[in-house]
Amino acid sequence: MNSNWYLDEEFWRTFGPLMFNSDTFARGEEEIGQLLALLGTSAGHVLDLGAGPGRHSLPLARSGYTVTALDTSAHLLDQLRESAGELPIEIVQADMREFVREQAYDLALVMWTSFGYFEEEDDHARVLDNIRASLKPGGRLVLDLVGLETLCRTMEPVHLTEYDNGRMLVERPTLVDDMTRLDNEWLLIDDDTVHRTAFSHRVWSAGEIRSLLTRHGYEITAIHGDYEGADYDLEAERMIVITAIG
Ligand SMILES: C[S@@+](CC[C@H](N)C(=O)[O-])C[C@H]1O[C@@H](n2cnc3c(N)ncnc32)[C@H](O)[C@@H]1O
């Protein structure tokens, strides 16, 4: 398995069209509406880390926020640039392990499980320290993850998704390393061609992510099971962690 799979442009070129389509863009817009209602904010500077083609940056900018959309993938950022037009979105190609802009943001977002990709625990810690330094006093960080509890409830050894255009995605996930990481194998079947990839990312339980964030200077405001603000419990679909810094 390529441990730097998340920096591989070929991965995003091949699987990006499955992830970023009209349905998931509509979902991103809905998530932003719900998240802003949960947060109760109305304006400010937002840092969208791992922004991809802008499922969240675009609706945020349309709602009046000034957005920095940061990503390592030139391919996905090109798509965002094309959609952004005159919207107030600064597009930055950079690694979240390196990017710091002292006390510049009211809100930082890491959406759709884009936090947790690194093999080294220190890299996750570095990202949290960078974000903390980039937030204004009183600023907030939202992490949108899938918690270990949800994975234990929902994970199937093999999962098949069929798309309208006839393509099929076969997912083969496994929890490894004392259930702290999810190893995944994806097979995309497109006519006679099979694209195969393997990737791995960190998985946290709610208790673990709470401790990690607290150690790095964040106060946990809430952990929700969805964007409507449900409790994080046995029904949870996501693990939406809302934090603030002093
Ligand atoms: C699953 S996609 C999510 C994109 C977007 N947040 C969304 O919800 O649609 C993960 C994104 O993280 C980006 N990414 C991966 N590693 C990164 C890193 N080290 N620094 C910044 N972005 C990264 C990828 O290029 C990709 O756009």
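Only the coordinates and a few stated rules stand behind these numbers; no lab work does. Bear in mind that the values here come from a model prediction, so they are computed numbers and not experimental data. Cβ placement follows ideal geometry from the backbone for every residue including glycine, while neighbour counts extend to all protein chains displayed.
Once every DSSP H run of n ≥ 4 in the chain is given -39500 (n - 2.57) and the sum is divided by its residues, what mean residue ellipticity at 222 nm do you get, rounded to the nearest 500 deg cm²/dmol? Mind showing how you got there, number by number?
Details: 7 runs with 77 residues, N = 246.
Here the helix-only value at 222 nm equals -9500 deg cm²/dmol.
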Where in the chain are the DSSP H helices whose alpha-carbon span along the long axis reaches 24 Å or more and whose Kyte-Doolittle mean is at least 1.0? none
Starting from the Cα gyration tensor of the stretch 150-200, take the square roots of the eigenvalues, sort them a ≥ b ≥ c, and report rounded, prolate or oblate (rounded when a/c is under 1.5, otherwise prolate if a/b is larger than b/c, else oblate). oblate
Farthest towards the positive end of the dipole of the stretch 150-200, among TYR163, LEU182, VAL194 and with Cβ unit charges of +1 on Lys and Arg and -1 on Asp and Glu, lies the Cα of LEU182
Normalised by the residues of the chain, what does the relative contact order come to in percent, with Cα pairs under 8 Å and at least six apart? 17 percent
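Quick one: dipole size for the stretch 91-161, taken about the Cα centre, charges +1 on Lys/Arg Cβ and -1 on Asp/Glu Cβ, in debye to the nearest 20. Please report the intermediate quantities before stating the final value.
Values: 7 positive and 13 negative charges, 78 e Å.
Approximately 380 debye in magnitude.
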Amide H neighbours of LYS136 under 5 Å, at least 5 residues apart or on other chains, H built in the peptide plane: list them. ALA104, TYR105, ASP106
Cut-off 10 angstrom, C-alpha nodes, Gaussian network model of the chain. Which of ASP95, ASP226, ASP192 fluctuates the most? ASP192
Ranking of GLU185, GLU30 by count of other Cβ atoms within 10 Å, fewest first: GLU30, GLU185
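With charges set only on the Cβ (+1 for Lys and Arg, -1 for Asp and Glu), what does the dipole of the stretch 183-222 come to about its Cα centre, in debye to the nearest 20?
Numbers: 4 positive and 7 negative charges, 91 e Å.
So the magnitude is around 440 debye.
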In whole Hz, with x marking every Gly and Pro, tabulate ³J(HN,Hα) for the stretch 141-152 from phi via Karplus 6.51 cos²θ - 1.76 cosθ + 1.60, θ = phi - 60°. 10, 10, 10, 10, 10, 10, x, 4, 4, 5, 4, 4
So what's the Cα pair-distance distribution over the chain, bin width 10 Å, in %? 7, 31, 39, 20, 3, 0
When LEU143, LEU182 are ordered from fewest to most other Cβ atoms inside 10 Å of their Cβ, what list results? LEU182, LEU143
Hey, can you grab everything whose amide H is under 5 Å from the amide H of TRP204? Only 5+ residues off in sequence or another chain; H modelled, so Pro and N-termini drop out. LEU148
Would you work out the charge dipole size for the chain about its Cα centre, treating the Cβ of every Lys and Arg as +1 and the Cβ of every Asp and Glu as -1, and quote it to the nearest 20 debye? 720 debye
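Which of THR180, THR113, THR68, THR243 comes first, and how do the rest follow, when ranked by fewest Cβ neighbours within 10 Å?
Values: THR180 14, THR113 18, THR68 23, THR243 26.
Least to most surrounded, the residues fall as THR180, THR113, THR68, THR243.
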